[in-house]
Structure formats: C-alpha cells, structure tokens
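Only one structure is covered here, and it is reproduced in the block below.
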Amino acid sequence: MRLEFDLIDEGARWPLANRDIVQDGESPALFERGLSIPSLPVCLIGDHPEKEGAMKYMLLIHQGDSPTPRSPEAWAALSEDEQKAVYADYQAINGTPGVTPGLGLDAPETATTVRVQDGKTLITDGPFVEIKESIGGYLLFEADDLDAAIELASRIPAARLGGAVEVRPSVEW
C-alpha cells in the first residue's frame with residue numbers, strides 16, 4: 001500500500017512544500033535526503049476535507065505603529081482594559097472557524113535578508129523593507145469569499161492601532 005502525505009509544521013500547522021511518498025512500514029527519510037528540518041507530524045492527504053468553493057487567504061499583519069508588548073513604552077500607553085482587549089481579540093480570531101493561526105515574528109531588526117547575485121549568496125543584517133512596512137505576524141484563513149477575509153482582517157487589533165493587514169489569496173502549486 002502506498003501512502004502520500006503532506007508534512008505539517010508542528011507549531012502553526014502550515015502545510016510545507018515538502019511531500020513524501022512511503023510504502024507500508026517505511027518512515028520518511030528526511031535527513032537521508034539532506035533536508036535540515038526536524039521530523040514533523042503528518043496529516044494524510046484527504047484526511048482533512050476542505051469546504052467546496054472555499055478560498056484560502058494569507059493575512060499578513062503589518063504592525064506599523066501599533067503598540068505591542070515588545071515596545072513597553074507604547075504598550076503602557078494603552079489602558080489595562082485596552083491591553084486585555086487586544087489579547088482577547090487575537091484569541092477570538094485564532095478561534096474563528098477557518099483560521100489557521102500563524103506565528104508572531106521577532107522584531108525586524110533581527111532579520112537576515114538573503115539574496116543570490118552572480119551565483120554568490122549575499123547576506124544583509126536587518127530587513128529589506130522599511131520597519132513600518134515589516135510583517136509582525138500572519139495567519140491563514142479559509143473563507144467563502146474575499147469579503148469574509150476582509151471582515152476578519154478588520155478585527156485584527158493591529159489594523160485599528162496604527163498598522164495594517166494585507167489580505168492575499170493563496171495559490172496552490
């Protein structure tokens with residue numbers, strides 16, 4: 001019997017581009033193929049049915065000037081009730097049917113930008129974009145239409161606190 005499965009990122013449950021095919025009794029030989037990723041849990045293809053007609057949207061959260069706990073001074077400008085509301089809003093969004101929570105990203109200053117030019121790998125410390133434009137987090141949302149994705153994006157606290165949320169349809173390769 002032949003099994004085909006998608007590798008799933010343990011933390012965010014994001015399907016990876018890696019696909020393995022194994023025969024009965026075999027296990028994926030990730031390290032034998034030279035991949036430097038840890039062993040990941042799997043989900044059998046077809047074991048997670050999707051709604052017919054649903055579209056997947058990536059919501060990219062641009063923090064902008066929105067206060068976060070990473071910036072203690074800006075975060076302290078919010079009342080305790082406002083801070084609790086931000087946490088509650090993100091928790092409610094992550095519990096919304098169709099949402100696959102993503103991960104928050106560390107500060108843009110911690111980024112390393114990689115380019116390849118003339119066959120040489122060039123590494124630059126820091127982000128490629130302006131810090132105000134950098135992505136602070138993301139999530140995946142399976143919805144019937146763009147309007148539903150926009151409605152969810154409008155509930156993300158960063159959108160109302162000085163940031164923005166980019167809604168982009170995903171494309172399966």
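Taken together, the values in this text are just the output of simple stated rules run on the coordinates, not laboratory data. Predicted model only: the values in this text are computed from it and were never measured. Heads up, the Cβs are rebuilt from the backbone with ideal geometry, glycines too, and the neighbour counts pull from every protein chain shown.
Among the residues in the stretch 58-65, are any on the phi > 0 side of the Ramachandran plot and assigned to a loop (DSSP other than H, G, I, E, B)? Can you show your working first?
First, the residues of the stretch 58-65 that are on the phi > 0 side of the Ramachandran plot: 64.
Imposing the further condition that a residue be assigned to a loop (DSSP other than H, G, I, E, B) reduces the set to 64.
Yes.
Looking only at the stretch 81-120, how many residues end up being loosely packed, with under 10 Cβ neighbours inside 10 Å and within 26 Å of Glu151 (Cα to Cα)?
Adding up the residues that qualify gives 3.
Of the conditions (1) touching a Phe, Trp or Tyr at 6+ places or on another chain (Cβ under 6 Å); (2) small (Gly, Ala, Ser); (3) more than 22 Å from Ser71 (Cβ to Cβ), Ser154 satisfies every one except a single condition; which number is it?
In the conditions (1) touching a Phe, Trp or Tyr at 6+ places or on another chain (Cβ under 6 Å); (2) small (Gly, Ala, Ser); (3) more than 22 Å from Ser71 (Cβ to Cβ), Ser154 misses (1) alone.
Pairs please, first residue from the stretch 90-101 and polar (S, T, N, Q), second anywhere and part of a strand (DSSP E or B) and surrounded by fewer than 17 Cβ atoms within 10 Å (Cβ to Cβ), Cβ atoms under 6 Å, 6+ apart in sequence or on different chains.
Correct list of pairs: empty, since none qualify.
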